[in-house]
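Structure first, commentary second.
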Amino acid sequence: MIDSLHPQNDILAVEDIDLPGSPISLHSRFYIDRPPCEALAYRELCNPGSLIRIRAPRKMGKSSLMLRLLNQAATFGYRTVTIDFQQADTTIFENSDKFLRWLCFNVARQLKLAPNLNDYWDEEMGSKVSCIIYFEGYLLEQIDTPLVLVLNEVNLLFEYPHIAQEFFPLLRFWHEQSRIGEVWHKLRLILVHSTEIYVSLSINQSPFNVGLTLKLPEFTSAQVQDLAERYGLNLSENQIQELTKMVGGHPYLLHLAFYHLRRHKGTLEEFLQAAPTQSGIYSDHLRTLWVTLQKKAELATALEQIITDSRSVQIEPLIAYQLESLGLVKLDGNSCILSCELYRLYFRDQNLIKENYNALYLKQLEQENEKLQSLVYLDTLTQVANRRQFDNCLQIEWKRMAESARPLALILCDIDYFKIYNDTYGHQGGDDCLRQVAQAICQVVKRPGDLVARYGGEEFVIILPQTDATEAIHIAEEVRLYIKKVALAFESKKFSGLPNSVVTISLGVACTIPGCNNDAETLLLEADKALYKSKKTGRDRVTLSSILNFTF
């Protein structure tokens, strides 16, 4: 049996102990401080424009710390808003415009403000700029005190790279604006996530390398002893060592152990013997991990390797981070070791790597994977490359041109007055217009190595390796003239004053030699600025970036 109840905790009734699993309430005796995390977070919360990132595997206490930060903010008199991405429908992540409008709407509602989104949202400026204007010109202007914006389960956005690559640089921009704009001083950001970032971001655009980062540690032996006493248990030092050898210092696993030891009064030896089995108290937790591993064969293979090797094992960094994010391993320099004996004993007896596929099934699977892989990088409407393929290709060509010191050009294209076209001919007509414009661009851009992609909405982008500004301008002009030659009818009785009776496009061009003093994001930004100038000065024209315009 457990030795005895700790004397100072005799008044704790068994029925007053809640089953672990939910965030620990503000006044619970079971919350264990992990210095200096709390003190650092409270202090950072006072700084104008601060950004706090709380990172740890699942059930390590992130939500419990988040509750305390929100409570601390309330004591300071700050306004608080919590956005939990688990609550968003999957349709919200279809595109960045829908996502950012959903975000702004939720923030306004929690601040008890009328959303008024349409007063600040402008299709011509784009969703990111509209979102910035909405926060700066409306939300932050309406409040007199700092606003603490908590973004919980940020890791869910990693599953939507097209959203992550737009949203995370926006967060970085908000944080940096606090240095120069008084309005942005009011905003304090708290990002909570359970996995490392798996999307490609420029170091200057990522919110994951600025601000205060708190990586929640496991409990120390002293903290485990303290927690046991709070549950009314008097465990010896040897018993604490045996328990932490089995489950490590993982807060949830320890809380669950003490909960059952207190309620069911079994012996620690019986508990430890049952822990890694299907009948033990961790069976649900272990099965959840097993299901995750079955969905990701590369993780299962790596874990199998770690389990069978008694020493620390070196594995591919991204795999290591994912296993650490699940709480299965600890990183030891460039190597991995299992987090605790519980996982070794349980997964040693599981069929982590399934090898019962016959050759025919494997061949069919490979063929299906090849087909799916091609679809992943294809825009299904226009049949040109999609945004994901563009992002990948741009990074590859950037590195390739940097190595050979050759120029790389980008052309951004936007269909003029496309919203009016949609309103006139309907969405079906708009889709047909997008298809014909995409194919028309492909009729002009035919060189091996060039890429035509749908950038988003009615925008297309062209990557031109080994192409200087003069040649890129020539190609852009060819594309513009060919679109007019196709002569897609565009006449609207509802909207008078359209300059053309056929569909036209505006184009922006930027060109540079990639190197250490610039990056692909800058090239894209300059092409976007040139496109904006084309639209602002009358549309149906080509504009070259005034900054990046390399010519031989």
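The values are calculated or read from the model by the stated rules, or taken from the named source; none is laboratory data. Nothing here was measured: the structure is a model prediction, and the numbers come from that model. In this analysis, Cβ positions are derived from the backbone assuming ideal geometry, glycine residues included, and neighbour counts consider all displayed protein chains. Heavy atoms of the whole protein, side chains included, go into the accessibility calculation; ligands, DNA and RNA do not. Shrake-Rupley method; radii C 1.70, N 1.55, O 1.52, S 1.80 Å.
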Any hit, segment 456-468, residues being out of contact with any helix residue (DSSP H, G or I) (no Cβ under 8 Å at 6 or more places or on another chain) and small (Gly, Ala, Ser): no
Within segment 419-521, strands (runs of 3 or more DSSP E) holding 2 or more residues that are under 30 Å from ALA402 (Cβ atoms) and β-branched (Val, Ile, Thr): 459-465, 505-512
Among residues of segment 104-155, those that are over 18 Å from SER178 (Cβ atoms) and either hydroxyl-bearing (Ser, Thr, Tyr) or touching a residue at least 40 places away in the same chain (Cβ under 8 Å) (or both), counted: 9
Some residue of segment 103-112 being outside any helix (DSSP H, G or I), modelled with pLDDT of 95 or more and surrounded by 14 or more Cβ atoms within 10 Å (Cβ to Cβ): yes
Residue satisfying all of: in segment 502-533; farther than 16 Å from ILE415 by Cα and of a type in the set (Asp, Glu); nearest to the chain's Cα centre (by Cα) among these: GLU521
Residue list for segment 202-238, restricted to those being open to solvent by less than 20 Å² (accessible area, probe 1.4 Å), of a type outside the set (Phe, Trp, Tyr) and over 30 Å from LYS128 (Cβ atoms): LEU216, VAL224, LEU227, ALA228, GLY232, LEU233, LEU235
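Across segment 482-532, what is the total count of residues that are of a type in the set (S, T, N, Q), out of contact with any Asp or Glu (no Cβ under 7 Å at 6 or more places or on another chain) and buried (at least 20 other Cβ atoms within 10 Å of the Cβ)? Please lay out each step first, then the result.
Step one: filter segment 482-532 for residues of a type in the set (S, T, N, Q), giving 492, 496, 500-501, 504, 506, 512, 517-518, 522.
Subset that is out of contact with any Asp or Glu (no Cβ under 7 Å at 6 or more places or on another chain): 492, 496, 512, 517-518, 522.
From the residues that got through so far, the ones that are buried (at least 20 other Cβ atoms within 10 Å of the Cβ) too are 512.
Total meeting the criteria: 1.
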Condition met for VAL445 (more than 13 Å from LEU412 (Cβ to Cβ) and without any contact (Cβ under 8 Å) to a residue 60 or more places away in the chain): yes
Leading residue by the ranking (most open to solvent (accessible area, probe 1.4 Å)) among those in segment 153-196 that are acidic (Asp, Glu) and either farther than 30 Å from ALA385 by Cα or within 8 Å of the chain's Cα centre (by Cα) (or both): GLU182
Neighbours by Cβ (under 9 Å, 6+ apart or cross-chain): first from segment 520-535, touching a residue at least 24 places away in the same chain (Cβ under 8 Å); second among the aromatic types (Phe, Trp, Tyr): ALA520/TRP398; LEU523/TRP398
Among (1) open to solvent by 60 Å² or more (accessible area, probe 1.4 Å); (2) over 16 Å from the mean Cα position of the chain (by Cα); (3) at pLDDT below 95, the one test that ARG79 misses: (3)
Yes/no for SER312 being in contact with an Asp or Glu (Cβ under 7 Å, 6 or more places away or on another chain) and either modelled with pLDDT of 90 or more or under 18 Å from HIS250 (Cβ atoms) (or both): no
The one condition in (1) open to solvent by 50 Å² or more (accessible area, probe 1.4 Å); (2) of a type in the set (A, V, I, L, M); (3) touching a Cys at 6+ places or on another chain (Cβ under 9 Å) that ILE315 fails to fulfil: (1)
